[in-house]
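None of the figures in this text is laboratory data; all of them are computed from the coordinates on show. Here the structure is a predicted model, which means the values were calculated and not measured. Note that we place each Cβ from the backbone using ideal geometry, even for glycine, and neighbour counts take in every protein chain shown.
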Amino acid sequence: MGAEALWPTQCAICDKRGLPLCDSCRGHLPYLDLWRACPRCGAPYGRHQCTECTNEKLKELGLTSLPFDSCVSALHYNRDSAHIVRSYKDKGDRRLAQFLAYMIACVIPPEWIVLDVKRQTSIITYIPTTSRAYLKRGFDHMAGIAQVVASLTGLPLYSLFTVSETLDQRTLSRSERFDNMRGSVQLRPEARCIMPIERVIVLDDVFTTGATLCAACTALRSCGGKRITCATCIRVY
Ligand SMILES: [Zn+2]
Ligand SMILES: [Zn+2]
């Protein structure tokens, strides 16, 4: 009896047999309309007047400006989109990594993808999992997604960060999350050898408050990173 008979492939959302994500569920995902999103922070409805990245809002979070130039996300947060990411993290189905990576690659603006021999090539990097989560799951979920995004875009992939253990973010308010994450994302010592980098695209699974990405991008900026952009699977709003 083959593995497929014992553990049949099922849709991550509706359990229908056949594909890791069936065509119907795929067609009904909450795709984010980039034409309506804020060009800076990526908030879904902030194209003309964003309430998420105003100076007052940033001040509340202890920031004077966003440490990245722009952010895009593929999906709104809802039960289904969250379920896909959770199924991938918990079950480790690589085919869901391919799907999530494809979603991200589709929303990365072409101008972020620069291949230039004069040391100006964009690079892909990602927010790695913490060592505790790695031990629990046995793999780094964002590394899997980033590998596929790198091959789809043709850009080189670098692992630039380490993330130290912090309090569980789910119980914290927005400003508490920023305090909790501040300094928790560090550049790996090897990363300093390739800095400054002209263009970096930082990937993460879910943009909740932006605390993790801001901590990572602040570390990149402090080492001379110039054009820093972010792309995530899901945006919470
Ligand atoms: Zn389905
Ligand atoms: Zn904004």
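Counting other Cβ atoms within 10 Å as a rough exposure proxy, the listed residues Leu32, Leu135 run Leu135, Leu32 from fewest neighbours to most. Applying 0.36 nm per residue to the separation of Tyr134 and Arg40 and subtracting their alpha-carbon distance, the gain on full extension is 30.7 nm. Computed from the C-beta positions of Gln169 and Cys193, the FRET efficiency with R₀ = 35 Å rounds to 0.70. The sum of -39500 (n - 2.57) across all DSSP H runs of n ≥ 4, divided by the residue count of the chain, sets its helix-only mean residue ellipticity at 222 nm to -10000 deg cm²/dmol. Our note on the geometry: Cα centres of the range 170-235 and the range 72-93, 20 Å apart.
Got a sec? How would Lys89, Lys59, Lys226 order by Cβ neighbour count within 10 Å, fewest to most?
Ranked by crowding around the Cβ, least crowded first: Lys59, Lys226, Lys89.
Selection among Gln98, Trp35, Ser164 by position relative to the dipole of the chain gives Ser164 as farthest towards the positive end (Cβ unit charges, Cα centre).
Taking one quarter of the surface of the C-alpha convex hull of the chain gives a mean projected area of 13.8 nm².
Cross-link pairs exceeding 19 Å in C-alpha to C-alpha distance, out of Lys57/Lys226; Lys59/Lys226; Lys91/Lys136, comprise Lys57/Lys226; Lys59/Lys226.
Under the convention that each Lys and Arg Cβ holds +1 and each Asp and Glu Cβ holds -1, the size of the dipole of the chain around its Cα centre is about 140 debye.
Residues whose amide H comes within less than 5 Å of that of Leu19, counting only those at least five positions distant or on another chain, are Cys11 (H built at 1.01 Å from N in the peptide plane).
Apply 1/(1 + (r/R0)^6) to the Cβ-Cβ distance of His28 and Thr54, taking R0 = 25 Å, and write down the FRET efficiency to the nearest 0.05. Please list the in-between numbers first.
Working: r = 33 Å, r/R0 = 1.32.
It comes out at approximately 0.15.
Computed over every Cα-Cα pair of the range 42-119 and binned at 10 Å starting from 0, the pair-distance distribution P(r) comes out as 14, 32, 32, 20, 1 percent.
Near Lys89: Cβ cut-off under 9 Å, other residues only, Lys/Arg at +1 and Asp/Glu at -1. The net charge is +1. A cut-off under 15 angstrom between Cβ atoms defines the neighbours of Phe161, and their net charge, with Lys, Arg +1 and Asp, Glu -1, is -1. A cut-off under 14 angstrom between Cβ atoms defines the neighbours of Ser131, and their net charge, with Lys, Arg +1 and Asp, Glu -1, is +2. Both radii were evaluated on the Cα set of the range 167-237; the Rg over Rh quotient, with Rh as the Kirkwood radius, amounts to 0.99. Hydrophobic, long helices, defined as DSSP H runs whose alpha-carbon span along the helix axis is 18 Å or greater and whose mean Kyte-Doolittle value is at least 1.0, occur in the chain at 94-107, 141-153. Listing Glu111, Glu198 from fewest to most neighbouring C-beta atoms within 10 Å gives Glu111, Glu198.
Hey, could you get me the Stokes-Einstein D for the range 106-237, Kirkwood radius over alpha-carbon pairs, 37 °C and 0.692 mPa s, rounded to whole µm² s⁻¹? In µm²/s, the coefficient rounds to 216.
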